[in-house]
Amino acid sequence: MRGVLRPRRVAAAGICLAMLTALAAAPVSASPSSTAAPAKRPWMNAALAPRARAELLLAQMTLEEKVGQMTQAERGAVTGDPGLITTWRLGSLLSGGGSTPTPNTPEAWADMVDAFQARALQTRLQIPLIYGVDSVHGHGNLVGATVFPHNIGLGATRDPGLVRAVEHVTAEETRATGPQWVFAPCLCVARDLRWGRTYESFGEAPSLVVKMTAAIDGFQGPRARDLADRDRVLATAKHYAGDGDTEYGTGEGDYTIDQGITITNRRDFARIDLAPYVPAVRRHRVGSVMPSFSSVDWTEDGVGNPIKMHANGELITDVLKDRIGFGGFVISDWEGIHQIPGDYATQVRTGVNAGIDMFMEPFSYQAFETTLLAEVQAGRVSTARVDDAVRRILTKKFELGLFEHPLTDRTNLPQVGSAEHRALARTAVAKSQVLLKNRGRVLPLSGEERIYVAGSNADDIGNQAGGWTVQWQGQSGDIIPGNTILEGIRQVAPDAQVTFSEDASAPTAGSDVGIVVVGETPYAEGFGDVGGPLWQDNGVPRPPKDMLLSAADRTAVDRVCGTIDDCVVLVVAGRPLILTDQLGEIDALVASWLPGSQGEGVADVLFGNRPFTGRLPQTWPRSLAQEPINVGDRDYHPLYPYGWGLRTHARR
């Protein structure tokens, strides 16, 4: 899913819960296309199974009401006139990346979602909204939430139990602020580091991603009945399927690889790209699945006829729903059907008939509803297909307990960004660190050294959090509460004498050890593709994404490692970077990934509070020319292989 690119109005905050409850309970007149509300509402019998309740409600719905349930709009499209939720009988809203209330606080989030929900409860059948958000490494849209390492770092931990705990906290913080649904986890198997979404993947090996499907239990709970709890959310397995396996040079628009084409045969596709979805559905009962923007081009029938995943009935209906047995609902990606060939009516018809159940049409939701109604009335989309989609959506709403408790349970609001949650994030950061090189056993440090710290990412919490943090593309600078790596060093090693010079221009004389923190600036999706377009902040382009160190970082490494006997380099990035030519002057090299809000977790392993235990989830190439390179390749000679990671012992 992508962020909001067009102007949007902001939501009013501070609406009191009593007013919302009164509004939700207020009687409303039926619209011209509706009949009066049923006197009895048998679907409200909580003793019945969710599927049975959905059937009872479905039997009372008009076609217009059913189409409304299949429609998801962006909050920015209705904030100025929330009555549109009622008028168009919307089934869902979302916040895209950076789409937040003002102020961006936990309470304001809950007020906003409840205000929208109150409007949904004014419809004839009072069907509640389900509200979705990209909580891909914590509730990242919310300032003050706990921001965890991105998935590439979690994959480095090799610890599904930890990942389950991380996503449980993410679920708790998300649902306490209103949204009941997250567009996570990404079960992509990233096979080319040039892809701008590599950091959203747990790793390049299907077996590792399969192991990390435990994240779903963290979101939803290990038992089906847990979904209604105040600390659980509906999870989304994405992006189905092959999004991480596309060929460089086939990207959509000016992207070089993102949203491109997976050129493969069905056997390899099942072995690599489909593999994580089988346990996601059968073992973990994931509630929703999001198709990929990408296409698949089967080699069995000759290359040159790719099919967009949003149009792929074979993979969505025949494989996912029928063969694998997925019983939840399929949600399109952001305007995902707009990339299907043909006019808008063809795109809508093709997407529905392929098996998509709910459509993320952020600012074109009215056109979607009007078009789908016309397609059904013309017989080009069957009422049975519509009923199947709505049945799936309603079942999940019943399982979430939204009919009994449509408004936000705010019990856990004080836990958002709590010390306990940040302690878990700190542990996750420490376990994600991968020690690639440790010449002379420089690490761990004693904590009593004279330490010289340099590099662009040493004291920038926005850079260490990465994309999908407050904004879709993330943002450099002091954008969230937490600790930078520099602050973590000072906190963990209070007896050390620390000198900081970002560009390494300050004198290094007298230093015992140098720590240079280098890496990338934030990006998301195709704006992170190597050779892809450059995101602009107020007309100023961000640095190009080329998997190389910037000139400033290269200079900092040369200066520090060339003048201080013991030199440690930390790479804060969403993927391995090419630094082979400088490796000889580096004594210790650490892959720190995108650690999030708790930089002290990095310091914990540097100073031996915790041992280094992380292992590479992605192969580290010698040069960019080696990409794509993955474990199991016939010609496999990387700088560091998949699974590499040196170990240390804790000092204390």
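The values are calculated or read from the model by the stated rules, or taken from the named source; none is laboratory data. Please read these numbers as outputs of a predicted model, since none were measured by experiment. Here the Cβ positions follow ideal geometry from the backbone for every residue, glycine too, while neighbour counts run over all protein chains shown. Just the protein is used for accessible areas: all its heavy atoms, side chains included, with ligands, DNA and RNA removed. Shrake-Rupley method; radii C 1.70, N 1.55, O 1.52, S 1.80 Å.
Only Cα pairs under 8 Å and at least 6 apart count here; give the relative contact order of region 44-103 as a rounded whole percent. Intermediate results must be reported in sequence, preceding the final value.
Values: 39 pairs, mean separation 19.0, N = 60.
Taking the mean separation of contacting Cα pairs over the length of region 44-103, I get 32 percent.
Determine the per residue accessible area of region 120-273 with all protein chains present and a 1.4 angstrom probe, expressed in square angstrom.
On the way: 3330 Å² over 154 residues.
Each residue of region 120-273 exposes 22 Å² on average to a 1.4 Å probe.
For the chain, with all protein chains present and a 1.4 Å probe, just round the carbon and sulfur fraction of the accessible area to a whole percent. Could you put the intermediate results ahead of the total?
Working: 11090 of 21730 Å².
Heavy-atom surface of the chain belonging to carbon and sulfur, 1.4 Å probe: 51 percent.
Starting from the amide H of Tyr240, placed 1.01 Å from N in the peptide plane, find each other amide H under 5 Å away whose residue is 5 or more places distant or on another chain.
Those lying under 5 Å, H to H, from Tyr240 are Met290, Ser292.
For helix 106-120, report the angle its Cα long axis makes with the longest principal axis of the Cα atoms of the chain; keep it between 0 and 90° and round to the nearest 10°.
Between helix and principal axis, roughly 20 degrees.
Give me the aspartates and glutamates in straight-line cross-link reach of Lys66: C-alpha distance below 15 Å, same-chain residues under 8 apart excluded.
The qualifying aspartates and glutamates are Glu55, Asp357, Glu369, Glu375, Asp387, Asp388.
Given Cα pairs under 8 Å that are at least 6 residues apart, what percent is the relative contact order of the chain?
It rounds to 16 percent for the chain.
Rounded to the nearest 20 debye, what is the charge dipole size of the chain about its Cα centre when +1 sits on each Lys and Arg Cβ and -1 on each Asp and Glu Cβ? Present the calculation step by step, with values, prior to reporting the outcome.
Numbers: 62 positive and 74 negative charges, 423 e Å.
Magnitude of the dipole: close to 2040 debye.
Translational diffusion coefficient of the chain at 10 °C, 1.306 mPa s, Stokes-Einstein with Kirkwood Rh over Cα pairs, in µm²/s as a whole number. Display every interim value, and only then the final one.
Values: Rh = 25.1 Å.
Rounded, D is 63 µm²/s.
Show me 127-137, 240-250 ranked by packing, highest mean number of other Cβ atoms within 10 Å first. All intermediate terms of the calculation are to be shown ahead of the outcome.
Values: 127-137: 27.5, 240-250: 23.8.
Listed from highest to lowest mean packing, they are 127-137, 240-250.
Extending each Cα 7 Å along its Cβ direction at Ala552 and Tyr248, get the distance between those two points in nm, one decimal.
2.7
Can you work out the Karplus-derived ³J(HN,Hα) for every residue in region 547-552? Use 6.51 cos²θ - 1.76 cosθ + 1.60 with θ = phi - 60°, whole Hz, and x for glycine or proline.
Per residue, the Karplus-derived 3J(HN,Hα) values read 6, 10, 5, 5, 4, 5 Hz.
On C-alpha positions alone, give me the angle between the axis of helix 160-176 and the longest principal axis of the chain, in degrees, nearest 10.
Between helix and principal axis, roughly 50 degrees.
Could you derive backbone 3J(HN,Hα) for region 323-340 from the dihedral phi with the Karplus parameters 6.51, -1.76 and 1.60 (θ = phi - 60°), listing whole Hz in sequence and x where the residue is Gly or Pro?
7, 6, x, 5, x, x, 10, 9, 10, 5, 7, 4, 6, x, 6, 5, 8, 6
Quick one: which residues, 5+ away or cross-chain, put their amide H under 5 Å from the amide H of Leu193? H built at 1.01 Å from N.
Those lying under 5 Å, H to H, from Leu193 are Ile629.
Identify all aspartates and glutamates with a Cα-Cα distance to Lys211 below 20 Å; exclude those on the same chain that are fewer than 8 residues away in sequence.
Asp159, Glu167, Glu200, Asp243, Asp245, Asp268, Asp273
What do you get for the angle between helix 365-377 and the principal long axis of the chain? Use alpha-carbon atoms, 0 to 90 degrees, nearest ten.
50
Give the long-range amide H neighbours of Phe500: residues separated by 5 or more places, or on another chain, with amide H under 5 Å away, using H modelled in the peptide plane at 1.01 Å from N.
Val453
Accessible area per residue, 1.4 Å probe, Å², for region 306-401: what's the number? Working shown, then result.
Values: 2860 Å² over 96 residues.
The answer is 30 Å² per residue.
Excluding ligands, DNA and RNA, what is the solvent-accessible area per residue of region 452-580 at a probe of 1.4 Å, expressed in Å²? Walk me through the numbers before you get to the answer.
Numbers: 4450 Å² over 129 residues.
With all protein chains present, region 452-580 gives 35 Å² per residue.
Apply the Karplus curve 6.51 cos²θ - 1.76 cosθ + 1.60, θ = phi - 60°, to the phi angles in region 556-573 and return the couplings in whole Hz, x for Gly and Pro.
Using θ = phi - 60°, the values come out as 4, 4, 4, 5, 6, 6, x, 10, 10, 4, 10, 10, 10, 10, 10, 9, 9, 7 Hz.
Okay, helix-only estimate at 222 nm for the chain: each DSSP H run of n ≥ 4 adds -39500 (n - 2.57), divide by all residues, round to 500 deg cm²/dmol; what do you get?
Numbers: 19 runs with 182 residues, N = 652.
Estimated from H runs of four or more residues: -8000 deg cm²/dmol.
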